[in-house]
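Enquirer: Just dropping this structure here.
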Amino acid sequence: MSSAGVNGAYEEAVSRREASSGGIHRFVVFGDICGSGTLNMAEKELHRTAMYAAFDEAYASVGVEPGTYHQEDRGDGILAALRPDMPPRLMVGRWIDTLYESLRAHNTGRSPRLRLRIGMNAGLVVQDRHGLVGRAVDLAARLCDSPTAKRIMAEAPDVDLLVVVSDWLYGNVVAEGGRYVEPDHYRRARIRSKETDEAAWFHVPRRAAPPLIGPEGEAAPGDADAGRRAPGVGSGAGVGPSRGDGPTPRTGGGNRTYNVGGDLLDIHGNTIHGGFTGIRKDRGEHQGKNTGAGGPE
């Protein structure tokens, strides 16, 4: 349901303009309450009230006045599209920071806490009398509801706010930085949901990195910016060091046998490799004897 009572005149004017132009480039926000299905009715009502209050406080912090944006109720979430002239840097900066602080204040001493996933994108949007439509809207929803986003919140119960932005929004807005913007605290991962197969950027305010783990947390194909991956992510399976401080050891099972008549030093990447159970240096007295794995100590 659109917030027509507050935004009616603005939305009607925007709808006419977008219908005639084939869409207007707008900033899109899709928010969802985590775990709403586990709440009783009183808890649902409290969470919805707090969510709307947090959004209103965040809007006010960046100068977005009532009646100047479109907002739809999604039951346990919110879909919003801002004015085309809204500076996107404010949305990925102060808006996120204020939303986080509002959640923190609300959740102090409360259980269950209000926890939100937020998807952010920008692109062409058409608004008609029923609401919003456009690929920018679809992607914002997919970012918010992606399996990776849900898994992060499920496996990090202390996190109250997760923000997921599109690759376009990160590269063109977040990466430029600015006040309250933390580009180095985002991590890139690929999301695959329904018809969507896109790179996205995940962010938990006040943390150096979100807990991206597992296959969905690996860097997207072609991602050369390994420095922004979460620790241990995207290093691949197999053996050997993943820190980049030496070559990957040669694979191949089995023990090694050495015939040694003097000093022995076998080093690969500063590590001695092999399934050794005993090593003996014979000073040459027993040349030709097997002194490798399984030999006498």
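The values are calculated or read from the model by the stated rules, or taken from the named source; none is laboratory data. Only a predicted model underlies this, so the values are computations on that prediction, with no experimental measurement involved. Here Cβ is always computed from backbone atoms with ideal geometry, including for glycine, and neighbour counts include all displayed protein chains. Accessible surface areas use protein heavy atoms only, side chains included; no ligands, DNA or RNA. Shrake-Rupley method; radii C 1.70, N 1.55, O 1.52, S 1.80 Å.
Enquirer: Hey, could you check the range 200-229 for residues that are open to solvent by less than 20 Å² (accessible area, probe 1.4 Å) and modelled with pLDDT under 95 and say which is farthest from the chain's Cα centre (by Cα)?
Expert: 220
Enquirer: May I pose another question? Condition test on residue 115, is it touching a Lys or Arg at 6+ places or on another chain (Cβ under 9 Å) and touching a residue at least 60 places away in the same chain (Cβ under 8 Å)? Give the derivation first.
Expert: Values: touching a Lys or Arg at 6+ places or on another chain (Cβ under 9 Å): no; touching a residue at least 60 places away in the same chain (Cβ under 8 Å): yes.
The answer is no for residue 115.
Enquirer: Moving on. Select, from 28, 64, the only residue that is open to solvent by less than 20 Å² (accessible area, probe 1.4 Å), more than 25 Å from residue 200 (Cα to Cα), out of contact with any His (no Cβ under 6 Å at 6 or more places or on another chain) and not in a helix (DSSP H, G or I).
Expert: From the options 28, 64, the qualifying one is 64.
Conditions (1) basic (Lys, Arg); (2) open to solvent by less than 10 Å² (accessible area, probe 1.4 Å); (3) within 30 Å of residue 22 (Cα to Cα), marked per residue:
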{"site": "100", "(1), (2), (3)": "no, no, no"}
{"site": "124", "(1), (2), (3)": "no, no, yes"}
{"site": "127", "(1), (2), (3)": "no, yes, yes"}
{"site": "140", "(1), (2), (3)": "no, yes, yes"}
{"site": "147", "(1), (2), (3)": "no, no, no"}
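Quick grid of which residues meet (1) β-branched (Val, Ile, Thr); (2) outside any loop (DSSP other than H, G, I, E, B); (3) under 15 Å from residue 91 (Cα atoms):
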{"position": "113", "(1), (2), (3)": "no, no, no"}
{"position": "119", "(1), (2), (3)": "no, yes, yes"}
{"position": "127", "(1), (2), (3)": "no, yes, no"}
{"position": "164", "(1), (2), (3)": "yes, yes, yes"}
{"position": "170", "(1), (2), (3)": "no, yes, yes"}
{"position": "179", "(1), (2), (3)": "no, no, yes"}
{"position": "184", "(1), (2), (3)": "no, yes, no"}
{"position": "191", "(1), (2), (3)": "yes, yes, no"}
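Yes/no per residue for (1) out of contact with any strand residue (DSSP E or B) (no Cβ under 8 Å at 6 or more places or on another chain); (2) free of Cβ contacts under 8 Å to residues at least 60 places away in the same chain; (3) assigned to a helix (DSSP H, G or I); (4) open to solvent by 20 Å² or more (accessible area, probe 1.4 Å):
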| position | (1), (2), (3), (4) |
| --- | --- |
| 83 | no, yes, no, yes |
| 89 | yes, no, yes, yes |
| 103 | no, yes, yes, no |
| 136 | no, no, yes, no |
| 151 | yes, no, yes, yes |
